[in-house]
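The values are calculated or read from the model by the stated rules, or taken from the named source; none is laboratory data. Here the structure is a predicted model, which means the values were calculated and not measured. Here the Cβ is made from the backbone with ideal geometry for all residues, glycine too, and neighbour counts use every protein chain on show.
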């Protein structure tokens with residue numbers, strides 16, 4: 001009922017807006033932008049980025065908008081971070097972390113629904129990308145099955161935790177993008193993390209505790225019993241990638257963690273940064289230097305071929321994110337810059353009175369873009385232009401984790417496939433899937449916690 005009321009009010013508001021010629025013209029542009037995003041999302045891979053280029057071309061050559069500068073700093077920071085994370089993967093660091101995670105889960109099998117999301121959260125927090133969850137999802141599924149716990153419970157919240165941690169990781173593309181947009185407000189990296197880390201952790205834990213009551217017990221689930229009767233639940237021992245050298249793998253993880261800690265320190269304590277002509281070095285350059293150097297150190301110490309990191313899943317996913325941000329952020333910046341006066345005049349009062357509406361905008365756009373970083377680069381500049389406080393934008397940051405809403409993101413699909421019991425699934429009505437409840441709970445609780453925390457900081 002509340003959703004229908006909000007929709008009705010928005011419809012009436014939009015009807016009043018479209019009475020003005022400038023707003024009608026802007027809405028026509030927006031339709032082209034959204035069409036490019038939808039087509040790009042369906043193409044997958046680099047499709048989102050290249051369709052952003054098509055949308056940009058329409059804005060420039062058809063509507064005559066002046067193109068803004070492409071987000072070079074964000075792209076280079078992501079490329080540097082992904083290079084270091086990919087080198088750690090090539091050196092066996094991620095495989096070693098998976099082994100550690102398996103031991104931890106097997107030591108606490110009865111608490112797998114609580115421990116699993118903390119594991120995937122940590123993996124993403126360290127690596128800066130949620131795609132590292134692929135390696136631990138089969139472990140979660142099998143540990144749950146072996147202990148007769150419904151795998152849907154830990155898998156659903158574990159996937160959501162790997163997304164929530166994106167907005168808490170100091171080296172994720174989304175956090176880096178937000179930091180870049182808020183540097184003019186004297187906001188440090190630590191300012192962002194001291195809100196997002198506790199907020200997302202609280203959201204994940206609440207989602208985990210509620211997940212313990214999801215569905216029937218495994219031994220009562222009809223689909224699982226059908227598969228048992230059909231002989232589909234044969235024993236299946238997990239197979240891990242071979243770690244050539246545990247010492248090398250651990251060294252790569254340590255190097256990456258040290259670099260991450262240094263980034264947090266440099267981002268939080270301005271006096272630590274080098275000064276040139278009275279001006280402190282900015283964070284984008286520091287992140288790029290530290291991560292490229294870390295990549296080199298890992299390659300040298302592990303004696304890893306420089307081509308190996310480019311063939312791993314982390315590098316492939318990261319480079320897709322770079323292309324996505326290149327096209328989508330450039331298109332979004334151009335659209336907002338070309339219509340900034342119309343946007344601020346028409347919706348500033350409404351967003352100022354009800355800042356939570358901006359969280360809805362972030363959530364919806366993240367569903368379309370399938371990228372937290374691209375959502376930040378496309379939408380947060382509008383929040384800045386509308387006069388929302390930087391602390392409010394930080395509190396609403398977890399709203400960019402909405403791409404679980406439609407269950408076709410790779411990590412969601414992977415979790416469904418890894419669950420051999422059939423309890424993790426897409427429902428009859430598509431949106432009633434295994435990730436909806438934990439995803440909505442974790443996101444709403446994280447935003448609510450963030451809004452409480454900023455009362456002590458702003």
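Below are the figures for this structure:
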| quantity | calculated |
| --- | --- |
| Neighbours by Cβ (under 6 Å, 6+ apart or cross-chain): first from the range 85-96, at positive phi and crowded, with 24+ Cβ neighbours inside 10 Å; second outside any helix (DSSP H, G or I) and modelled with pLDDT under 90 | 92/243 |
| The range 395-424, residues that are outside any loop (DSSP other than H, G, I, E, B) and within 25 Å of residue 144 (Cα to Cα) | 410, 411, 412, 413, 414, 415, 416, 417, 418 |
| Some residue of the range 305-328 being farther than 19 Å from residue 83 by Cα, in contact (Cβ under 8 Å) with a residue 12 or more places away in the chain, part of a helix (DSSP H, G or I) and under 20 Å from the mean Cα position of the chain (by Cα) | yes |
| Every residue from the range 212-226 that is crowded, with 16+ Cβ neighbours inside 10 Å and either part of a helix (DSSP H, G or I) or without any contact (Cβ under 8 Å) to a residue 12 or more places away in the chain (or both) | 218, 224 |
| Candidates 386, 393, 382 - the one that is at pLDDT 85 or above, in contact with a helix residue (DSSP H, G or I) (Cβ under 6 Å, 6 or more places away or on another chain) and over 22 Å from residue 162 (Cβ atoms) | 393 |
| Some residue of the range 270-288 being loosely packed, with under 14 Cβ neighbours inside 10 Å and in contact (Cβ under 8 Å) with a residue 24 or more places away in the chain | yes |
| Residues satisfying the stated conditions in the range 34-53, i.e. surrounded by 17 or more Cβ atoms within 10 Å (Cβ to Cβ), at pLDDT 85 or above and under 28 Å from residue 350 (Cα atoms) | 36 |
| The range 337-360, subset surrounded by 18 or more Cβ atoms within 10 Å (Cβ to Cβ), assigned to a helix (DSSP H, G or I) and touching a helix residue (DSSP H, G or I) at 6+ places or on another chain (Cβ under 6 Å), residue modelled with the lowest pLDDT | 346 |
| Of all residues making up the range 298-320, the number that are farther than 25 Å from residue 45 by Cβ and buried (at least 18 other Cβ atoms within 10 Å of the Cβ) | 4 |
| Subset of the range 425-458 [touching a helix residue (DSSP H, G or I) at 6+ places or on another chain (Cβ under 8 Å), within 12 Å of residue 406 (Cβ to Cβ) and either assigned to a loop (DSSP other than H, G, I, E, B) or without any contact (Cβ under 8 Å) to a residue 12 or more places away in the chain (or both)] | 426, 433, 435 |
| Looking only at the range 61-78, and only at residues there that are touching a helix residue (DSSP H, G or I) at 6+ places or on another chain (Cβ under 7 Å) and in a helix (DSSP H, G or I), the one that is surrounded by the most Cβ atoms within 10 Å (Cβ to Cβ) | 78 |
| Residue in the range 188-211 that is part of a loop (DSSP other than H, G, I, E, B), under 24 Å from residue 378 (Cα atoms) and over 15 Å from the mean Cα position of the chain (by Cα) present | yes |
| Selection count where residues are closer than 18 Å to residue 377 by Cα and in a helix (DSSP H, G or I), scope the range 36-60 | 16 |
| Exclusive hit being at pLDDT below 75, surrounded by fewer than 18 Cβ atoms within 10 Å (Cβ to Cβ) and over 30 Å from the mean Cα position of the chain (by Cα), set 22, 16 | 16 |
| Which listed residue, of 160, 140, 166, 114, is under 29 Å from residue 217 (Cα atoms), at pLDDT 90 or above and buried (at least 24 other Cβ atoms within 10 Å of the Cβ) | 160 |
